[in-house]
Amino acid sequence: MEEANQSMASEFIFRGLCDSRLLQTFLLLPFSMFYLMTVVGNLFVVLLFITDPHLHSPMYFLLANLSFVDFCLSSVTTPKLTTDFLKDNKTISFGGCMTQIFGVHFFAGGEMVLLVTMAYDRYVAICKPLHYSSIMDRQKCIWLVLISWTIGFVHAMSQLAMILDLPFCGSRIVDSFFCDIPLVIKLACMDTHTLGMLINADSGILATTCFILLLMSYTYILLTVRLNSKDGASKALSTCTSHITVVLLFFGPCIFIYLWPLNITWMDKFLAVFYTVITPLLNPAIYTLRNKDIRNAIKRLINQHMDSQNNF
């Protein structure tokens, strides 16, 4: 009996995004393109920061880290989702499932804290411009990024520790395209109501704290610039719109999944796709299209490439 339970616990089965084989075949190409553009876009931002001395400032250091986190977050779920479009039996090993849970919470938790760090950077730059270089020095930036990675790691480990030893002896079907904790704990053969509340509280405290800090930061920035400048509102919006857009795109789906669950299957799947596939794709586009320095860096990179080609 013990061996049978162990064999049943060896894997989970995904239902995927839909049941239609035709629709899955149709979705294969767009999702493959989404992931390719996510990888290219985010790694391009990282490469641009490394190679262009004009971007060696705290804001772009944080942006490069955000792009790397987005690349990692998307890579936890999207490759598996894409290959599963070709399969009738969408299985994942128990270890693979736990790895997905850890990866999603590690990178998503780290991104939440990193977004708060970026808001702090903008607060110092706009509200205390004369002290910016002394407050946001290189060492502090590195420490802030390390703190975001550390908090993400601790958050992921706390989530994993609560479910790793759960007994799974019944259904193995996860009604999604990746192992998400609210869906996985439903499959445990025990009462998980209290555990679910603890897990949601763990995620909720981190998400709510970060979201409140972000709201306070950007509200204070907008009010400060409005009071000190004739065109304060428009300038503040121009400076912070990209950051605010990214915050809303990331936190919106997370709030509905973990803090205010809708319990509507298709909506949960849509929101999960949004924050694991779409948001990591949109972030580099939002920053590069709205940021003059990055557009100029891209032009310099293209010109350097053309000059090297002509010299060759």
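Within the range 15-45, track down each residue that is outside any helix (DSSP H, G or I) and over 13 Å from residue 83 (Cα atoms). Answer for the range 15-45, where residues must be outside any helix (DSSP H, G or I) and over 13 Å from residue 83 (Cα atoms): 15, 18, 19, 20. If you go through the range 77-91 and keep only what is open to solvent by 30 Å² or more (accessible area, probe 1.4 Å) and at pLDDT 90 or above, you end up with 79, 80, 83, 91. Selection of the range 120-156 for residues being over 27 Å from the mean Cα position of the chain (by Cα) and either of a type in the set (Gly, Ala, Ser) or loosely packed, with under 13 Cβ neighbours inside 10 Å (or both) yields 129, 130, 131, 133, 134. Hey, can you tell me all the residues within the range 162-199 that are over 21 Å from residue 77 (Cα atoms) and open to solvent by less than 50 Å² (accessible area, probe 1.4 Å)? 166, 168, 170, 188, 192, 195, 196 - these are the residues of the range 162-199 that are over 21 Å from residue 77 (Cα atoms) and open to solvent by less than 50 Å² (accessible area, probe 1.4 Å).
I'd like to know if the range 289-309 contains one or more residues that are of a type outside the set (Val, Ile, Thr), in contact with a Lys or Arg (Cβ under 9 Å, 6 or more places away or on another chain) and either crowded, with 17+ Cβ neighbours inside 10 Å or at pLDDT below 75 (or both). Within the range 289-309, one or more residues are of a type outside the set (Val, Ile, Thr), in contact with a Lys or Arg (Cβ under 9 Å, 6 or more places away or on another chain) and either crowded, with 17+ Cβ neighbours inside 10 Å or at pLDDT below 75 (or both). Return the residues of the range 40-57 that are buried (at least 20 other Cβ atoms within 10 Å of the Cβ) and touching a Ser or Thr at 6+ places or on another chain (Cβ under 9 Å); say none if nothing qualifies. Passing the criteria: 41, 42, 45, 48, 49.
Only one entry in 166, 114, 86, 130 is touching a residue at least 24 places away in the same chain (Cβ under 8 Å), among the aliphatic types (A, V, I, L, M) and part of a helix (DSSP H, G or I), namely 114. Of everything listed in (1) of a type outside the set (A, V, I, L, M, F, W, C); (2) crowded, with 17+ Cβ neighbours inside 10 Å; (3) outside any helix (DSSP H, G or I), the single unmet condition for residue 159 is (3).
The values are calculated or read from the model by the stated rules, or taken from the named source; none is laboratory data. These figures come from a predicted structure and were not determined experimentally. Backbone-built Cβ (ideal geometry, glycine too); neighbour counts: all protein chains shown. All accessible areas refer to the heavy atoms of the entire protein, side chains included, with ligands and DNA or RNA removed. Shrake-Rupley method; radii C 1.70, N 1.55, O 1.52, S 1.80 Å.
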